[in-house]
Amino acid sequence: MTMPHLVDDTAPAAVTLPKARAGNLWLVAPGVLWMTLFLVLPIAMMVYVSFWTQTTFKIEPTLTLQSWITFFSSDTYLGALWTTIRIWLIVLATTLLVGYPAALFVGLFVKNKTLQTVLLVLCVIPFWTSFLIRVLAWRPMLGKEGAINLILMKLGIVSQPIEVLLFSDLSVIIGMTQIYCVFMVGPIAFMLGRIDPSIIEAAQDLGAGFWRIFRTIILPLSMPGVVVGAIFVSVMVLGEFATSAALSGRKVNLLGNIIVTQVGSLKWAFAAVAGVVLTILMGAVVAVLLRVVDLRKEL
Amino acid sequence: MTAVLHLRNVVKQYGDSRALDGVSLSLPDNSYISLLGPSGSGKTTLLRVIAGFEQPEAGEIRFQGARIDALPPHQRGIGFVFQNFALFPHLSVEQNIAFGLTNRAIDPVTDGEVVRRKVKDMIALVGLTGLEDRGVSQISGGQKQRVALARTLVTEPKMVLLDEPLGALDANLRTRMRSELRSIRERCGVTFLHVTGSETEALAMGDTVLVLDRARIAQQGDADTIYNRPSSPAVARFLNCYNLLPGQVSGESFVSSVGTLGLGGLRQTAANPTYAIRYDRVSIRAKDAALADGETGIDGTFIASEYTGSAVNAFFTLADGSIFEVEQHLSHAAPSTFEPQAAYRLAWKKEDALVYA
């Protein structure tokens with residue numbers, strides 16, 4: 001073995017925590033119990049039920065792949081899966097597009113901490129009304145004779161009402177972006193607020209202009225916030241059904257809507273298949289997002 | 001010696017208080033300048049105004065002959081080393097140092113080979129060889145200091161501003177970095193303006209020492225002049241080595257609240273008449289000892305002493321309750337012992353005193 005060239009006084013010393021004694025494990029018991037009963041068991045049950053035999057009027061615990069085969073050979077279900085992924089990607093992009101500049105303003109350019117908090121609280125105010133009301137409120141805004149069309153026609157910008165505004169992909173995307181944007185703004189603004197202002201001054205002093213500093217310093221340092229925000233938005237959008245039900249006129253069917261209708265018509269096995277597919281999709285999305293940034297290192 | 005930086009009547013106001021109240025100065029090229037001031041004297045503000053992070057309300061800043069007041073920081077060509085180093089936390093040592101070269105708006109270096117060579121030379125200059133690929137959270141305080149310095153120096157600024165660069169280091173490292181900083185500066189041949197609140201650091205490091213007091217430059221000179229002939233009672237107070245006695249000049253003597261003192265040494269004008277005598281110019285005698293010719297003195301009651309290794313600092317209270325400090329060097333004498341609460345005669349040569357009146 002050779003001696004290291006430099007005496008290393010900085011390597012983090014190997015910290016050995018005393019082994020958790022059996023007594024300490026009781027601290028996690030309530031949590032483990034709760035999660036087992038209400039999360040792990042239901043998920044296991046859902047996977048199990050997805051293999052049950054579904055007939056028109058009843059369901060039997062005879063194991064079969066029939067529901068899975070039906071799901072993956074049906075245009076309706078695959079279409080719903082594709083729509084879910086498409087809407088999710090678009091909403092992710094729009095929340096980022098709308099949320100990042102807002103977060104940049106609140107987290108970086110508002111120097112006053114009180115004002116920063118006030119602005120973030122303002123973002124949360126829409127949450128004081130119920131989810132359904134927030135969704136339904138978009139109808140009188142976007143409808144054929146809704147506020148937006150009325151104003152555009154009064155101003156003479158359009159002669160015919162724009163019909164694509166409501167009961168379309170667009171209305172679902174507009175609604176979801178508005179509802180989930182704040183989950184993007186929050187984590188990003190938090191990360192940006194943690195950037196030491198002198199780091200940005202140092203970059204300026206070294207001769208870099210604003211866009212260069214944004215690309216090389218601000219964006220990389222805010223990535224953990226983007227990833228956390230993207231996880232929030234993804235998990236919520238992938239499991240969505242209410243916004244598309246209320247604003248798409250049943251034209252946009254997400255996996256969530258499929259599950260709701262299948263459960264409504266007591267097709268438990270199909271609902272379970274859709275549920276498992278959705279869970280796997282979410283798991284995959286979160287896993288990929290966590291690959292982007294090592295959150296343990298950054299937070 | 002040619003001057004590289006000129007400030008004329010620079011004013012910076014925060015609300016009602018003036019952080020800089022008409023600062024004028026002129027800094028020589030290729031030298032080490034230390035700027036001494038107590039906390040709140042405006043020294044960090046002065047640096048930030050020169051660097052361009054703050055806009056002055058009035059005045060003129062000239063750098064290498066051209067006015068730079070209106071330029072943004074990234075166009076000034078002045079390097080800034082932050083007190084907390086402000087390293088880019090997501091970049092390695094090497095990437096931190098290369099940042100300015102590749103990302104500056106004016107004349108960026110696009111040739112990867114040139115960048116690598118310059119960064120390698122700079123890493124060798126500041127003594128960081130072997131740590132190129134480390135993350136900046138994986139190196140020690142002294143190494144971070146070197147990265148911060150290298151990151152600035154590699155862009156070849158004509159002047160480097162250092163904001164209490166040694167403040168975040170432990171005492172041992174601080175002394176080592178002092179000589180290191182001076183030798184790095186000599187190798188680069190640029191002007192360093194080093195801000196500090198420590199008088200020993202300012203005197204040890206600066207070819208020229210500036211003293212900032214209440215938002216103005218109180219004195220500019222070499223270390224010896226500043227230490228031996230502070231231009232005002234305030235400067236003498238920062239130096240932390242003068243006993244200051246307020247009073248009035250009356251004929252050939254200085255009447256203070258603790259007694260009448262003989263005049264002799266340098267006299268300078270000041271608003272508040274003050275008599276200053278250095279800690280190490282005073283000798284401690286028995287209470288009734290006679291004063292020799294050319295000497296003057298007062299009586300004090302011994303309270304306590306502090307052993308610092310090379311010297312002993314003895315503290316006395318005077319008639320008006322103020323504290324009088326005497327430093328006795330131990331190189332030629334064993335430490336003497338004094339009786340607590342006993343009275344002694346404190347004597348010094350008249351010509352050693354500085355009088356402001």
Residues of region B:113-131 that turn out to be within 12 Å of chain A (Cβ to nearest Cβ) and either in a helix (DSSP H, G or I) or more than 19 Å from B:L166 (Cα to Cα) (or both), as a count: 3
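For (1) basic (K, R); (2) at pLDDT 90 or above; (3) touching a Cys at 6+ places or on another chain (Cβ under 7 Å), each residue gets a yes or a no:
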| residue | (1), (2), (3) |
| --- | --- |
| A:A44 | no, yes, no |
| A:Q54 | no, no, no |
| A:P61 | no, no, no |
| A:W68 | no, yes, no |
| A:S73 | no, yes, no |
| A:A80 | no, yes, no |
| A:R86 | yes, yes, no |
| A:L96 | no, yes, no |
Every residue from region B:54-78 that is more than 14 Å from every other protein chain (Cβ to nearest Cβ), touching an Asp or Glu at 6+ places or on another chain (Cβ under 6 Å) and outside any strand (DSSP E or B): none
Set A:G207, A:G249: member being at positive phi and touching a residue at least 12 places away in the same chain (Cβ under 8 Å): A:G249
Meets criteria (at pLDDT 90 or above and within 10 Å of chain A (Cβ to nearest Cβ)) for B:V81: yes
Matching residues in region A:142-160 - criterion: being exposed (fewer than 15 other Cβ atoms within 10 Å of the Cβ) and outside any helix (DSSP H, G or I): A:K144, A:E145, A:L155, A:G156, A:I157, A:V158, A:S159, A:Q160
Spans of strands (runs of 3 or more DSSP E) in region B:1-53 with at least 2 residues under 16 Å from B:H194 (Cβ atoms), outside the structural domain of B:P73 (by TED's automatic domain parsing) and at pLDDT 90 or above: none
Unmet requirement for B:K120, which otherwise passes all of (1) surrounded by fewer than 21 Cβ atoms within 10 Å (Cβ to Cβ); (2) at pLDDT below 90: (2)
Residue check, B:R267 of a type outside the set (A, V, I, L, M) and closer than 19 Å to B:Y227 by Cα: yes
Filter result for B:E295 (of a type in the set (D, E, K, R) and either surrounded by fewer than 17 Cβ atoms within 10 Å (Cβ to Cβ) or not assigned by TED's automatic domain parsing to the domain that holds B:L125 (or both)): yes
Options B:A105, B:A86, B:A98: the member that is more than 9 Å from chain A (Cβ to nearest Cβ) and either part of a loop (DSSP other than H, G, I, E, B) or crowded, with 17+ Cβ neighbours inside 10 Å (or both): B:A98
Extreme residue, nearest to A:V121 (Cα to Cα), among residues of region A:69-80 that are in contact (Cβ under 8 Å) with a residue 60 or more places away in the chain and surrounded by fewer than 20 Cβ atoms within 10 Å (Cβ to Cβ): A:G79
Which listed residue is small (G, A, S), on the phi > 0 side of the Ramachandran plot and out of contact with any Pro (no Cβ under 8 Å at 6 or more places or on another chain), from B:G142, B:G127, B:G167: B:G127
Those residues of region B:263-287 which are under 23 Å from the mean Cα position of the chain (by Cα) and part of a loop (DSSP other than H, G, I, E, B), in sequence order: B:A270
Condition check for A:K113: over 26 Å from the mean Cα position of the chain (by Cα), within 23 Å of A:V226 (Cβ to Cβ), exposed (fewer than 15 other Cβ atoms within 10 Å of the Cβ) and not hydroxyl-bearing (S, T, Y): yes
Qualifying residue in region B:238-251 (condition: in contact with a Cys (Cβ under 9 Å, 6 or more places away or on another chain) and not in a strand (DSSP E or B)): no
Only one of B:R151, B:R134 that is within 20 Å of A:I213 (Cα to Cα) and either within 12 Å of chain A (Cβ to nearest Cβ) or among the hydroxyl-bearing types (S, T, Y) (or both): B:R151
Scan of region A:188-202 for residues that are closer than 23 Å to A:V293 by Cα and either among the aromatic types (F, W, Y) or at the interface with chain B (Cβ under 7 Å from one of its Cβ atoms) (or both), ordered by number: A:F190, A:D196, A:I199
Checking B:L36 against (1) under 27 Å from B:L169 (Cβ atoms); (2) surrounded by fewer than 22 Cβ atoms within 10 Å (Cβ to Cβ); (3) not basic (K, R), the condition it does not meet: (2)
Some residue of region A:124-141 being touching a residue at least 60 places away in the same chain (Cβ under 8 Å), in a helix (DSSP H, G or I) and under 14 Å from A:G186 (Cα atoms): no
Filter result (of a type in the set (D, E, K, R) and under 21 Å from A:W88 (Cβ atoms)) within region A:144-175: A:D169
Of all residues making up region A:203-218, the number that are assigned to a helix (DSSP H, G or I), facing chain B (nearest Cβ under 10 Å) and closer than 27 Å to A:A93 by Cβ: 7
Hits in region A:252-281 - residues which are touching a residue at least 40 places away in the same chain (Cβ under 8 Å) and of a type in the set (G, A, S): A:G256, A:A269, A:A272, A:A274, A:G275
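The values are calculated or read from the model by the stated rules, or taken from the named source; none is laboratory data. Please read all numbers here as calculations on a predicted model, not as lab measurements. All Cβ positions, even for glycine, are placed from backbone atoms using ideal geometry, and neighbour counts span all protein chains on display.
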